[in-house]
Structures are given as C-alpha cells and as structure tokens.
1. At 0.36 nm per residue, minus the direct Cα-Cα distance, what do residue 209 and residue 31 gain on full extension? Give it in nm, one decimal, please.
2. If we count other beta carbons within 10 Å of each Cβ, what is the order of 80, 186, 175, fewest first?
3. Using amide H atoms built 1.01 Å from N in the peptide plane, name the residues 5+ places from residue 33, or on other chains, whose amide H lies under 5 Å from its own.
4. With every atom except the alpha carbons ignored, what do you get for Rg and Dmax of the stretch 17-95, in angstroms?
5. Hey, with R₀ at 22 Å, roughly what FRET efficiency would residue 88 and residue 13 work out to, going by the Cβ-Cβ distance, to 0.05?
6. For the stretch 19-78 and the stretch 126-170, compute the distance between their C-alpha centroids and round to whole Å.
7. Give me the one-decimal nm value for the distance between modelled label points at residue 282 and residue 46, 7 Å along each residue's Cα-to-Cβ direction.
8. Compute the distance in nm between two label points, each set 7 Å from the Cα along the Cα-to-Cβ direction, one at residue 216 and one at residue 115.
Amino acid sequence: MNKLKLDLGCGSRKKNKTIGIDIHPQPGVDYVLDLQTQPLPFPDQSVEYVHSSHFLEHIENPVKVFTELSRVCVEGAELEFWTPYAWSNSAFIYGHKQFFNEDHYLHMCVWNPNFWETALKARWLLKEITYIIDSDVLIELYKNKIPLDFALKYYKGIVREFGVFIEIHHNYQGEELQPIRTFAVERSSRRYPVKTMFELNPNPIDLKDALKWFSSVEVEQQLFQPQPTTPEGEELPSQLQPNQTELEQLQYQLQYTQAQLQQARAVIAAMQATKFWKLRDSWFKFKKLMGQK
C-alpha cells in the first residue's frame, strides 16, 4: 500500500500529488478541518511526506499539529515547512500569530532533542535550513562585500522566506546531527551552501582582546573623535601629530566638564520645583508690576 503525502493549509495551491487539508473549502482541498482542534483523519504511521507553505504562522499552537504529525508519519517520513522569515517585514502582516526563525527548529531538533522527543512522541531530525533571498539583495551584499553569514546573523530584511527539511523517527538511535544551511533565489532554484565565518566556540584570547578594546579610551577616540582632514596622500606635520597622553587628558576633561554641566542642570531643575523658588518668581513679578505702575 502506498503511503500518503499531505499538504497542510494548502489553500487553492495544493502541491502536486498530495492530499490537501485546509480549514476553508475551496478547489484543491480534499479534507476540510481545523488542525488546531481536530485530529488528522489518517491511521498511525500512514504518511511518508508532509508539505506546508505559509500555514504554520497562522495558527496559535503549532506544537499540537507537530504532535499529530508524529502520530501519522512513518519511520523516516520527510517534512518540508515554509514560512516567512521572522526578520522580514512580511512576517508581521495581519493574520500572522507566529514569527519563525531557525531557533524554533534548532530548539526542538538539536539543542533539546530529548525533551522534545518526549513531547512530540517522536524524534525530529533537522536536516537542512534553506533561506530564500531575492537576487537584488544578494547583489547589494556582493557589491558591499558583506558576507552572507554575517548578514544572516546581524541584519534584517535579508531573507524573504525560509524552509526546513526534517525527518521523523520513532526509534532513533543515531548520532546528534547538525543541519546544513543553504540559500537560493527561489525554492525551485539551485541551492548554495552558506559558508560559516564564525567559530562555534569563540577563542578566549579573541574575547579578552575584544573586551579590552571596547573598554579602552582608544575605542572612544576611534568612534567619537573627529578625524583630522588632510589632502589625500599627505600626512600631518610632526609638530601637529596628536599626542596620545594629551588626547586622553582632553577626553577625560571633556567628560568631567559634561558631568559637571549635567549636575548643575539637575540642581537648577530641582530648585525651580521648590516652593521657595515659586514664591521668589512671584515676588519679582509683583515688583516689576509695581514699578511699571
């Protein structure tokens, strides 16, 4: 007997050769049901593939659906989920209740697999994470020489949507797996690996150097001090070269003066709020009024 293939929340665009499931009756929907409150109408371990595209972000509790998938899926069944990427503007349009990123699936499949194996009643193995990035965005990153791994880690608006590919196992005895990361300009186009630039375990020496630099006067000077302007290719005369000690003294003097100014403003504000100050103002206004008469 052939195993089943499902498309959850398929709407009118059901994936080819799948059984369409949606809460609204429309062309292509084979079963009309609310996946949040109703079980899937299939026997245990009868499904070999589940597809879902821009459905999971619309429901309150995807874990209920995930648990039901564990029940109906056979050993080694494949899941393919697509959702808007959390760090994109489209993730926040009306009707979306969840904002998915990698951590949702890493938490279930990689970081805390034993806990989630008990909760889901199956072991979920995250095999691949794929980012869909528009071609104009890739070109901008390339022209500005910004590595994709860096952009994915720190920028928003890079990824339009992302997909995860997962295997379900009921008696998994294998090793812990780390998913591969890929990117493409469309779901159906060629996928390329995301080259990792960051160490999983930072070097303690690098961390020490970073903390030293960020807490030093040098970083303040580099970030906040205006740079001397000279014609290109020329250097300042030696007698005009800034002295490091003098720069530090001026920096501390500026900070001290700013602190004194802030304290003075706070004292004045406190005095102006007192009854004495208000009486004083009233007295001067009265004297001015009498003098005018």
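Every number here is computed from the coordinates shown, using simple stated rules; none is lab data. Owing to the predicted nature of the structure, the values given are computational and were not obtained by experimental measurement. Counting neighbours? That spans all protein chains shown, and the Cβs are built from the backbone with ideal geometry, glycine included.
1. Using 0.36 nm per residue and subtracting the Cα-Cα distance, I get 58.1 nm.
2. On the way: 80 18, 186 11, 175 6.
Arranged by neighbour count, lowest to highest, 80, 186, 175 become 175, 186, 80.
3. Correct list: 22, 23.
4. Cα radius of gyration and Dmax of the stretch 17-95 are 13.3, 39 Å respectively.
5. 0.60
6. So the two Cα centres are separated by 26 Å.
7. For residue 282 paired with residue 46, the spin-label model returns 8.7 nm.
8. Going from the residue 216 label point to the residue 115 one covers 4.0 nm.
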